[in-house]
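The values are calculated or read from the model by the stated rules, or taken from the named source; none is laboratory data. As the structure is a prediction and not an experimental result, all values here were calculated from the model. Every residue, glycine among them, receives a Cβ derived from its backbone with ideal geometry; neighbour counts consider all protein chains shown. Note: accessible area is taken over every heavy atom of the protein model, side chains too, but ligands, DNA and RNA are not part of it. Shrake-Rupley method; radii C 1.70, N 1.55, O 1.52, S 1.80 Å.
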Amino acid sequence: MSEIRIAAETRSEFGKGAARRARRAGFVPGVVYGHGHAPVHLNLPSHDLMMALKTPNALLVVPIEGKDEYVLPKAVQREAIKRTIEHVDLLLVKRGEKVTVEIPVLAEGELAPGGNLLEHVLNALPIEAEATHLPESVTVSVEGLESGASVLAKDIVLPAGVTLAVDADAVVLQVIGAQAAPAEDEAAPAEGTEA
């Protein structure tokens with residue numbers, strides 16, 4: 001995963017009024033915490049942050065006290081209607097450090113014929129990997145799977161250096177058979193007859 005550099009500024013004003021002023025000026029208030037350090041309050045450019053967060057588990061590089069630091073987004077608060085970013089919590093990470101994150105599960109291939117449906121039991125797979133080498137997603141082949149088939153977490157091939165952070169027997173995907181609609185003559189009694 002590539003690093004995304006964001007030109008953040010340390011903020012000294014706090015509270016609702018300061019947050020509103022920052023948002024009007026095109027910034028998103030944020031807090032960086034972790035590794036036993038005191039929390040650092042930042043203003044991050046709104047557009048740059050929005051673009052960076054389109055990548056799951058984006059590894060951001062932000063300047064903190066004159067030094068570039070790696071951070072991962074942990075909590076993103078969005079405005080309810082416009083969906084703009086209101087606030088972000090960032091976790092400080094170090095190169096070589098293992099972190100636990102969730103990555104999207106993508107399915108590829110065609111299920112067996114017969115109107116089967118694919119259910120994503122887990123939309124995201126919890127994994128543990130080095131903070132600077134997080135995969136963006138994992139792809140699972142469902143080619144030819146029939147009704148009743150399941151894909152377990154242990155069946156998914158993970159990149160080197162990545163381990164599961166969930167029970168190996170957890171169901172990630174399962175195939176459900178199509179539900180047959182009841183025939184019309186069985187579903188409703190004929191007119192003029194009692195049920």
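In percent, what relative contact order does the range 82-132 have, based on Cα pairs under 8 Å that are 6 or more apart in sequence?
Computed over the range 82-132, the figure is 52 percent.
On the principal axes of its alpha-carbon atoms, the chain has extents of 80, 47, 25 Å, going from largest to smallest. Using the average count of surrounding beta-carbon atoms within 10 Å as a protection proxy, the listed peptides 154-167, 131-144, 22-35 rank, highest first, as 22-35, 131-144, 154-167.
Working from Cα pairs under 8 Å separated by at least six residues, relative contact order for the range 1-145 is 23 percent. Quick check: residue separation of I64 and T100 times 0.36 nm, minus the Cα distance between them. What number comes out in nm? Using 0.36 nm per residue and subtracting the Cα-Cα distance, I get 10.6 nm.
Taking 19 Å as the straight-line reach from the Cα of K54, the aspartates and glutamates in range (excluding those fewer than 8 positions away in the same chain) are E3, E79, E86, D89, E102, E136. Phi angles of the range 67-81 translate, via the Karplus equation with coefficients 6.51, -1.76, 1.60 and θ = phi - 60°, into HN-Hα couplings of 10, 6, 10, 8, 9, 10, x, 10, 9, 10, 9, 10, 5, 4, 9 Hz per residue; Gly and Pro are given as x.
Can you give the extra length, in nm with one decimal, that the chain gains between H35 and E136 once fully stretched, where that is 0.36 nm per residue apart less the Cα-Cα distance?
On the way: separation 101, 0.36 × 101 = 36.36 nm, distance 2.43 nm.
Answer, rounded to one decimal: 33.9 nm.
What the chain shows is 60 Å² of accessible area per residue, with the surface traced by a 1.4 Å probe over protein heavy atoms.
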